[in-house]
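Working notes, beginning with the structure itself.
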Amino acid sequence: MNREEIISTVKEFLSEEFEVEKSIIEPQANLKETLDLDSLDYVDLVVVIEENFGFKVTGEDFVGVATFDDFYTLVEKKLAEKK
Amino acid sequence: MEHRVVITGIGIYSCLGENLKDVADSLYQGKSGIILDEIRKDFGFRSALTGMVKDPDLTPFLTRRQRIGMHQPAMYAYMATKEAVENAGLDIDFLEKTETGLIYGNDSTAGSISETVDRIREKKDTTLVGSGAIFQNMNCTVNMNISTIFKLKGINFTLSAACASGSHSIGMGYLLIKQGLQDRVICGGAQEINPTAMGSFDGLGVFSPREATPTKASKPFDRDRDGLVPGGGAATVILESYESAIKRGAPILGEIIGYGFSSNGDHLSNPSIDGQYRCLNMALKQAAIKADEIDYVNAHATSTPVGDAIEAQAIFDVFGKKVAVSSTKSMTGHECWMAGASEVVYSMLMMQNNFIAPNINFENPDDITAKINIIAKTKEQKVNCFLSNSFGFGGTNSSLIIKKFK
């Protein structure tokens, strides 16, 4: 899966899970603020990532992830590790 | 100083309809909400009959975060409570700024628990059940969800008392208001509808096996009754002190004047005439009325051979032959944790619309049920004062007396 496919997949499941418009998911937008995530929502973020990409992320993985771009990079890295 | 306790709002989500108007029509028409649920046959049920409601779509009303901790009991309770709050002329802004309690009856969350456990077994990872599971799985799920959605600031706990849960919830709300500890309490009962919730109950062999004729299966008090049919949904009853209702200019739909309760202290599942007798008499004594002032008894009668006979005898002993009696479970099936609240709502609708809903499928009495006045066909009659019975496993009994407000 290349980065464009990752972005498309992520936009799809995040907009569905957190009920936001895809158009607000911009690369430099802040993930937490855009999706209005609270501590419980991070648990559901872990669930949808596992459902869509087949790997589980932990709290440590999110250290340094602020924007959607950071998030796409995390997914790329995890998918590469999975291979 | 004791306070008068009035009912200012009711709401219902049941197999007879998803709102008060539809339910009133069904009650008047004697329409059954019982169906055959094929999923239960695959699940190994002896009897696949059940009252059925659909899972409501709450997306037009609630945010994702508000919905995520809700499974059937909370979803059904939301629909009933939304209607009751509107019925009472209340809104969230008012509720947030004042003190309103919530005591809701519920006694299982089997559907959500089984889904959670299935997922953990599949994923071998507890995180992957998501954030909503714990709030769906706890027995207080209705209270957690409804109190946060409606911004309630008063007393807040779930009442678990088997098939008398809904009735005791109203009784407890009544006592708190009567004593001046709360001005307003939202009460009710919720009952999930899914195979995991009722599998172990079916296993006792106490469900009617008349699968060929679902709407004829629940036959409370009839000579040929052969078991209950489960059902579910939710019902909400908003109680308020008379002073609070007047101050708000709220509609006063009725007044609670008696709450009797007792425990059999005997068998896990067998009813007791002594326990019922004590419960009925306590309610009458508290209401300070004579038995013949009750126009209508909404019986607990679930269509089991032993249970209905004992209740018929208890009703005869206390009220004699004259009082009109019907079991709305003939149409709804046994709504278990919800029943005590829903049957108050059904009886309130009868009181508002001047009729007594029929005990459908009552064709022939037996020697004991012949002693009481069972209403088999819809009867046009003013109901000024009614009593609603609820009895539960473990021998918990509750009787509520409600009269027209004057």
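Only the coordinates and a few stated rules stand behind these numbers; no lab work does. Quick caveat: nothing in here was measured; it's all calculated off a predicted structure. So basically every Cβ, Gly included, is an ideal-geometry build from the backbone, and we count neighbours across all protein chains shown.
Considering all different alpha carbon pairs of the stretch B:98-154, the Kirkwood hydrodynamic radius works out to 12.6 Å. Across the stretch B:141-219, C-alpha contacts under 8 Å between residues 6 or more apart give a mean separation that, scaled by the residue count, equals a relative contact order of 20 percent. Entry note, chain B: relative contact order of 24 percent, from Cα contacts under 8 Å with a spacing of 6+ residues. Sequence-distant contacts, meaning Cα pairs under 8 Å at least 6 residues apart, place the relative contact order of the stretch A:3-82 at 36 percent. Computed over all pairs of different Cα atoms, the Kirkwood value for the hydrodynamic radius of the stretch A:3-82 is 12.6 Å. Taken one residue at a time, the phi angles of the stretch B:33-45 give Karplus couplings (6.51, -1.76, 1.60, θ = phi - 60°) of x, 8, 9, 9, 9, 4, 4, 5, 5, 5, 7, x, 6 Hz. Gly and Pro are set to x. State which stretch of chain B is the longest one without any exposed chymotrypsin sites (Phe, Trp or Tyr not before Pro), exposure meaning a DSSP loop state and at most 16 other Cβ atoms within 10 Å. Answer - B:62-404. For the peptide B:102-108, the mean number of other protein chain Cβ atoms found within 10 angstrom of a residue's Cβ is 0.
Within the stretch B:7-82, the proportion of C-alpha pairs whose separation exceeds 14 Å stands at 69%.
The GNM of chain B, with springs linking C-alpha atoms under 10 angstrom apart, assigns the highest mean-square fluctuation among B:Asn270, B:Asn373, B:Asn106 to B:Asn270.
Per-residue Karplus couplings for the stretch B:153-159, computed as 6.51 cos²θ - 1.76 cosθ + 1.60 with θ equal to phi - 60°, are listed in order as 10, x, 4, 8, 7, 8, 10 Hz, Gly and Pro entered as x.
Our summary of shape: the Cα atoms of chain B have principal axis extents of 60, 54, 39 Å, ordered from largest down, in whole angstrom. From helices alone, chain B scores -11000 deg cm²/dmol at 222 nm; the rule is -39500 (n - 2.57) for each run of n ≥ 4 DSSP H residues, then divide by the residue total.
Comparing mean-square fluctuations of B:Asp25, B:Asp266, B:Asp107 from a GNM of chain B with C-alpha springs under 10 Å, the top value falls on B:Asp266. Note on the protein assembly as shown: along the principal axes its Cα atoms extend 80, 54, 39 Å, ordered by decreasing extent. Translational diffusion of the stretch B:121-238, estimated by Stokes-Einstein from the Kirkwood radius over alpha carbon pairs at 37 °C in a medium of 0.692 mPa s, is 189 µm² per second.
Report the net charge of residues surrounding B:Gly189, where surrounding means a beta-carbon distance below 15 angstrom and charges are Lys +1, Arg +1, Asp -1, Glu -1. Display every interim value, and only then the final one.
On the way: positive: B:Lys329; negative: B:Glu83, B:Asp107, B:Glu192, B:Glu335, B:Glu343.
Local net charge: -4.
Of all alpha-carbon pairs in the stretch B:273-370, indicate the percentage at a distance above 16 angstrom.
For the stretch B:273-370, the share of Cα pairs beyond 16 Å comes to 58 percent.
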